[in-house]
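What follows is one structure encoded as structure tokens, with my remarks underneath.
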Amino acid sequence: MTDDIKPIPLFNLKEQYEHLKPQIHEAALEALDSMHWLLGPQTQQFEEEFARLIGVKHCISCSSGASAIQIALKAAGISEGDEVITTPFTFIATTSSISLTGAKFVFADIDPRTYNIDVQDVERKITKRTKAILPVHLYGYPANMDAIMHLANEHGLKVIEDCAQAHLSMADGVMVGGIGDAGCFSFYPSKNLGACGDAGCITTNDDELADACRSLRHSGRAKDKAYEYDLEGSTLRMDEVQAAILRVKLPHLADWTEQRRKAAAWYAEGLSGVPVVLPPTPPAGYEQSFYVYTIRAEKRDELQAYLKERGIGSAVYYPVPLYKQPAYKHLNLNPEDFPEAEKAAKEVLSIPMFPEITEEQVARVCETIRAFYEQDATV
Ligand SMILES: Cc1ncc(COP(=O)(O)O)c(C=O)c1O
């Protein structure tokens, strides 16, 4: 890479932080000085504001996206001996959170077009022990919620949505996180709404489930009782400083999402005619949040190296599907049962995407990808 070319990162957290720094500092200091460090006014107000934005009755803040999934499953009654069907093409928190409830996760393959769980394969995996389906809205593209809810209703299953990558995505005109029994969001710093540390939340319209979530994140405490426990919970609360910081960022989330969608349109135009597969176009009523912009590319690893040499960041989400992870070796799962996840893991590549990305930067990424394939065609 020559010195005069500015790198284009995959994410750009610094620009957003610099822009909001005075407000973030003020909010964090105010939260500290208030000495309400846990479950105070910032948390309460954040929960109200986020619930309003998603269009649900309840938001229960917690310590991370992983803890949100664990709490929501437990609150929905999932425990030892139960099976939860999910995708193997996701971050490990999806499955480790299932295991932490004592339940067993069961994988269904993915739809090769959307990278989300294949509902027909979910149906094949249902047994007497199945208690829930856990779809992940991967890359911010909503899972096929219409078909998932239909199947769940038919079989009396709970649906817990993993919305960690899908703030403000919509399926059938409804915001994700408000479709299943509960939605689980991550506010990990790189997420579309990111804290300055770990944080997450659960969204739901179910009053009873919301009460159980509030208790489970707070050691299992009975409502309004200091040392009586209705449930066995843990210490999984969001702290006031993170809630205060998230409240500074929340009013910008809709604009940031629009910027991501605009950048995605620039990519679609700039990559037209290039032999890569673009993210799917959602049907009417569906909206994606573009947590990342993921293409499917032949010679993916060579392309990634070519981009890196030219200062362009990229990443593979995910190079090793969960059934192949050393952590799950003891399960003896067969990769041949998941042919679409196998293929996707070899071909997907996420390229720079962040709200502040400029049209010129996107054009440079597109030209570089085009040049990679043209150079290939002339050899
Ligand atoms: C799909 C998915 N699920 C769950 C999580 C867990 O979120 P957290 O890192 O906040 O625990 C993440 C975050 O990386 C994720 O991408």
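The values are calculated or read from the model by the stated rules, or taken from the named source; none is laboratory data. Here the structure is a predicted model, which is why all the values come from computation and not from measurement. Positions of Cβ are backbone-derived with ideal geometry, glycine not excepted, and every protein chain shown enters the neighbour counts. Each accessible area value is taken on the protein alone, full model and side chains, heavy atoms only, with ligands, DNA and RNA left out. Shrake-Rupley method; radii C 1.70, N 1.55, O 1.52, S 1.80 Å.
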Unmet criterion (only one of (1) part of a loop (DSSP other than H, G, I, E, B); (2) of a type outside the set (Gly, Ala, Ser); (3) modelled with pLDDT of 95 or more) for Lys225: (3)
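How many residues, within the stretch 262-289, are assigned to a helix (DSSP H, G or I) and surrounded by fewer than 17 Cβ atoms within 10 Å (Cβ to Cβ)? Give the steps one after another, and end with the answer.
Going residue by residue through the stretch 262-289, those that are assigned to a helix (DSSP H, G or I) are 262-270.
Those left that are additionally surrounded by fewer than 17 Cβ atoms within 10 Å (Cβ to Cβ): 262, 265, 268-269.
Result for the stretch 262-289: 4.
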Can you tell me which of Leu193, Leu250, Leu246, Leu231 is in contact with a Leu (Cβ under 9 Å, 6 or more places away or on another chain), of a type outside the set (Phe, Trp, Tyr), surrounded by fewer than 21 Cβ atoms within 10 Å (Cβ to Cβ) and within 30 Å of Tyr293 (Cβ to Cβ)? Leu250
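Look through Thr114, Thr87 and report the one residue that is surrounded by 22 or more Cβ atoms within 10 Å (Cβ to Cβ), within 16 Å of the ligand (Cβ to nearest atom) and over 25 Å from Ala226 (Cβ atoms). Walk me through it before giving the result.
Numbers: Thr114 fails: surrounded by 22 or more Cβ atoms within 10 Å (Cβ to Cβ).
Step by step, each of Thr114, Thr87 is checked, and only Thr87 is surrounded by 22 or more Cβ atoms within 10 Å (Cβ to Cβ), within 16 Å of the ligand (Cβ to nearest atom) and over 25 Å from Ala226 (Cβ atoms).
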For Tyr293, are the conditions met, namely being open to solvent by less than 20 Å² (accessible area, probe 1.4 Å), aromatic (Phe, Trp, Tyr) and touching a residue at least 40 places away in the same chain (Cβ under 8 Å)? yes
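Of the residues Asp82, Asp121, Asp109, Asp33, which is touching a strand residue (DSSP E or B) at 6+ places or on another chain (Cβ under 7 Å), charged (D, E, K, R) and either more than 15 Å from the ligand (Cβ to nearest atom) or open to solvent by 50 Å² or more (accessible area, probe 1.4 Å) (or both)?
Asp82
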Selection within the stretch 161-177 - over 13 Å from the mean Cα position of the chain (by Cα) and within 13 Å of the ligand (Cβ to nearest atom): none
Let me spell it out: the conditions are (1) within 16 Å of the ligand (Cβ to nearest atom); (2) touching a helix residue (DSSP H, G or I) at 6+ places or on another chain (Cβ under 8 Å); (3) closer than 21 Å to Asp121 by Cβ; (4) touching a residue at least 60 places away in the same chain (Cβ under 8 Å), and Val320 meets all of them except one. Which number is the exception? (4)
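Condition first: within 16 Å of the ligand (Cβ to nearest atom) and closer than 26 Å to Thr294 by Cα. Now tell me which residues in the stretch 132-144 satisfy that.
At the first step, the residues of the stretch 132-144 found to be within 16 Å of the ligand (Cβ to nearest atom) are 132-143.
Of everything in the stretch 132-144, those that are within 16 Å of the ligand (Cβ to nearest atom) and closer than 26 Å to Thr294 by Cα turn out to be Ile133, Leu134, Pro135, Val136, His137, Leu138, Tyr139, Gly140, Tyr141, Pro142, Ala143.
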Would a scan of the stretch 311-323 turn up a residue that is part of a helix (DSSP H, G or I) and either hydroxyl-bearing (Ser, Thr, Tyr) or surrounded by 14 or more Cβ atoms within 10 Å (Cβ to Cβ) (or both)? yes
Considering (1) within 22 Å of the chain's Cα centre (by Cα); (2) over 30 Å from Ser350 (Cβ atoms); (3) not in a helix (DSSP H, G or I), say which one Lys191 fails and leave the rest. (2)
Tell me, yes or no, whether the stretch 90-99 has at least one residue that is within 12 Å of the ligand (Cβ to nearest atom) and open to solvent by 80 Å² or more (accessible area, probe 1.4 Å). yes
Near the ligand (Cβ under 10 Å from one of its atoms), surrounded by fewer than 24 Cβ atoms within 10 Å (Cβ to Cβ) and not aromatic (Phe, Trp, Tyr): is that true of Ser67 in this structure? no
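Restrict the check to the stretch 144-153 and report whether at least one residue is open to solvent by 20 Å² or more (accessible area, probe 1.4 Å), closer than 17 Å to Thr90 by Cβ and either touching a Ser or Thr at 6+ places or on another chain (Cβ under 9 Å) or outside any loop (DSSP other than H, G, I, E, B) (or both).
Keep residues of the stretch 144-153 that are open to solvent by 20 Å² or more (accessible area, probe 1.4 Å), which gives 144, 146-147, 149-150, 153.
Now drop any that are not closer than 17 Å to Thr90 by Cβ, which leaves 144.
Still in the running and either touching a Ser or Thr at 6+ places or on another chain (Cβ under 9 Å) or outside any loop (DSSP other than H, G, I, E, B) (or both): 144.
Yes, that holds for at least one residue.
Return the only residue of Gly180, Gly200 being away from the ligand (no atom under 12 Å from the Cβ) and buried (at least 22 other Cβ atoms within 10 Å of the Cβ).
Working: Gly200 fails: away from the ligand (no atom under 12 Å from the Cβ).
That would be Gly180, the only listed residue that is away from the ligand (no atom under 12 Å from the Cβ) and buried (at least 22 other Cβ atoms within 10 Å of the Cβ).
Tally time: how many residues in the stretch 79-133 are part of a strand (DSSP E or B) and not aliphatic (A, V, I, L, M)? Lay out the reasoning, then the answer.
Kept after step one, since they are part of a strand (DSSP E or B), are these residues of the stretch 79-133: 83-86, 104-107, 110, 117, 130-133.
Within this subset, residues satisfying the condition of being not aliphatic (A, V, I, L, M) are 83, 86, 104-105, 107, 130-131.
Going through the stretch 79-133 one residue at a time, the tally reaches 7.
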